[in-house]
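Each remark here refers to the structure printed beneath this line.
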Amino acid sequence: TAQDQPPFRSSVDGTFALDPVALKGILAVTGPVQAGELGTVDAAGVEKLVYDGQYRLGKDVYERKRVMLQVGTATIDAVLSGRGDRAALLKTLVESARTGHILVWSGHADEQKAVTDGGVGGAIAYVT
């Protein structure tokens, strides 16, 4: 029931997770992005931001997650808007998926089987 769900949960068809290595590779192709209050985030600085810099922002965990979500959203927006060389982007995405830096989850069993069989299946657990 809705009462049993976390307060932020909504109906989701699927998700994907990009780690700092994947973000760096994507930003190397698309170029820098504007990530809200962080300003410009580029390939040269994204790993340090994710691994260290976010903890120096002086924000609580929920605010850090909100800020980091801006980085991910801006990066995906750059991909979806067609920035960068498509062949180079495809090569980067394939390599990131092959090496475990991108994971995909689908709420549809047939799609989840396909991504799992393809080696990019993942799940993100809700932790209370």
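Observations
- Condition met for T40 (more than 24 Å from G14 (Cα to Cα), among the β-branched types (V, I, T) and open to solvent by 40 Å² or more (accessible area, probe 1.4 Å)): yes
- For the stretch 63-87, the set of residues classified as at pLDDT below 95, of a type in the set (A, V, I, L, M) and open to solvent by 60 Å² or more (accessible area, probe 1.4 Å) consists of L69, L80, listed by residue number.
- Neighbours by Cβ (under 9 Å, 6+ apart or cross-chain): first from the stretch 79-97, under 19 Å from A114 (Cα atoms) and in contact (Cβ under 8 Å) with a residue 40 or more places away in the chain; second open to solvent by 40 Å² or more (accessible area, probe 1.4 Å) and of a type in the set (D, E, K, R): S96/D19
- Counting only residues that are polar (S, T, N, Q) and within 16 Å of E47 (Cα to Cα), the stretch 93-104 holds 1 of them.
- Options A114, A109; residue that is small (G, A, S) and open to solvent by less than 80 Å² (accessible area, probe 1.4 Å): A114
The values are calculated or read from the model by the stated rules, or taken from the named source; none is laboratory data. What you see is a predicted model, and the numbers here were worked out from it, not measured in a lab. Heads up, the Cβs are rebuilt from the backbone with ideal geometry, glycines too, and the neighbour counts pull from every protein chain shown. Calculation scope for accessible area: heavy atoms of the full protein, side chains included, ligands and nucleic acids excluded. Shrake-Rupley method; radii C 1.70, N 1.55, O 1.52, S 1.80 Å.
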